[in-house]
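All remarks here apply to the structure that follows.
The values are calculated or read from the model by the stated rules, or taken from the named source; none is laboratory data. Only a predicted model underlies this, so the values are computations on that prediction, with no experimental measurement involved. Using ideal geometry, Cβ is built from the backbone for each residue, glycine included, and neighbour counts are taken over all protein chains shown.
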Amino acid sequence: MHKKLSSFLLTWLLFGYAFLYVPILILIAFSFNKSRLVTIWDGFSLKWYRSLFDNDQLLKAAWVSLKVATLSATFALIFGTLAALVLVRFGRFKGRTFFSGLITAPLVMPEVITGLSLLIFFVSLKQMIGWPEARGVLTITIAHTTLAMAYVTSIVQARLFGFDNTLIEAALDLGARPLKSFFVITLPLIAPALGAGWLLAFALSLDDLVIASFVSGPGSTTLPMVIFSSVKLGVTPQVNALATLIVIFVSIGVSLSGWLIFKKSKEKKD
């Protein structure tokens, strides 16, 4: 039997959703604004979407951000999943506390400290072995992978703690190799957590400004860096148009992921 929400809780629920999503809806609405001023409505127009595709700097920065976010989210998912498996499956081992501390350090470390330490690390590497030759997409990807890996590990680790290990034991008793049992049993069951971890890592990378500012170089300017630098001169409606396209792209990805998770849970119940 479902309990009805009180008017007080319903009001605060609606207020919370409005606080989160109304600014996004306003941004989308003003991306169709005819006026050059982003805060004054002057009629409906698609000219900012047309002019967006003529802005090479903005499109290049968006492409760099999407490429870095995709790569760093994928690598963070792989390394984060492996780290979570080590922490859960191997129990207590020598150096576990130190290893766990290294994994979770980016969660509590200020981004300024993380960015500065990675900058010093890359500069030191170049002096010692000549790599990386220059800071760019590669160094940003490594930095974002380091940050996002901690979040992915926490999500996957939480899912593995509730995992039914008797399924793995049964598969091993029936002759399955550990690697095959992982891909056939473990991986499909933790797929929702993997999807959530990848999406979170993607969003963290796409949104990052501080760390990318430390480890980027010429020709590797990300979208948040371009938008932040343009604030001094005034944000153009082209940014609203690009943000609207990103919101649509991310919404489709989240909706697809939610549908797959719902489908998977429904199949599990059946």
Of 137, 156, 112, 152, the only residue that is at pLDDT 90 or above and in contact with a Lys or Arg (Cβ under 9 Å, 6 or more places away or on another chain) is 137
Are any residues in region 32-64 more than 23 Å from residue 208 (Cβ to Cβ) and within 26 Å of the chain's Cα centre (by Cα), and if so, which ones?
49, 53
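Of the residues 117, 100, 124, 181, which single one is loosely packed, with under 11 Cβ neighbours inside 10 Å, hydroxyl-bearing (Ser, Thr, Tyr) and either touching a helix residue (DSSP H, G or I) at 6+ places or on another chain (Cβ under 7 Å) or closer than 17 Å to residue 216 by Cα (or both)? Give the steps one after another, and end with the answer.
Details: 117 fails: loosely packed, with under 11 Cβ neighbours inside 10 Å; 100 fails: loosely packed, with under 11 Cβ neighbours inside 10 Å; 181 fails: loosely packed, with under 11 Cβ neighbours inside 10 Å.
The unique qualifying residue is 124.
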Looking at 164, 208, which one is charged (D, E, K, R) and more than 20 Å from residue 70 (Cβ to Cβ)?
164
If we keep just the residues of region 132-141 that are more than 8 Å from residue 215 (Cβ to Cβ) and in contact with a helix residue (DSSP H, G or I) (Cβ under 8 Å, 6 or more places away or on another chain), which is surrounded by the fewest Cβ atoms within 10 Å (Cβ to Cβ)?
133
On the given criteria, is residue 239 out of contact with any His (no Cβ under 6 Å at 6 or more places or on another chain), under 22 Å from residue 213 (Cα atoms), exposed (fewer than 11 other Cβ atoms within 10 Å of the Cβ) and not polar (S, T, N, Q)?
no
Kindly indicate which of 153, 146 is of a type in the set (S, T, N, Q) and either in contact with a Pro (Cβ under 8 Å, 6 or more places away or on another chain) or farther than 30 Å from residue 195 by Cβ (or both).
146
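Would you check which residues across region 60-106 are within 23 Å of residue 183 (Cα to Cα) and among the polar types (S, T, N, Q) and list them?
70, 72, 74, 81, listed by residue number.
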If residue 259 satisfies all but one of (1) crowded, with 18+ Cβ neighbours inside 10 Å; (2) aromatic (Phe, Trp, Tyr); (3) more than 24 Å from residue 82 (Cα to Cα), what's the number of the condition it fails?
(1)
Residues satisfying the stated conditions in region 83-97, i.e. exposed (fewer than 10 other Cβ atoms within 10 Å of the Cβ) and among the basic types (Lys, Arg):
92, 94
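Under 23 Å from residue 203 (Cβ atoms) and crowded, with 18+ Cβ neighbours inside 10 Å: does that describe residue 29?
no
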Filtering region 50-88 down to residues that are of a type in the set (Phe, Trp, Tyr) and modelled with pLDDT under 90 yields 53
Residue in region 160-184 that is farthest from residue 250 (Cα to Cα), counting only those that are in a loop (DSSP other than H, G, I, E, B) and among the small types (Gly, Ala, Ser):
175
Is there any pair with a first residue in region 120-137 that is touching a residue at least 12 places away in the same chain (Cβ under 8 Å) and a second that is assigned to a loop (DSSP other than H, G, I, E, B) and loosely packed, with under 12 Cβ neighbours inside 10 Å whose Cβ atoms are under 7 Å apart and which are 6 or more apart or on different chains, and what are they?
136/219
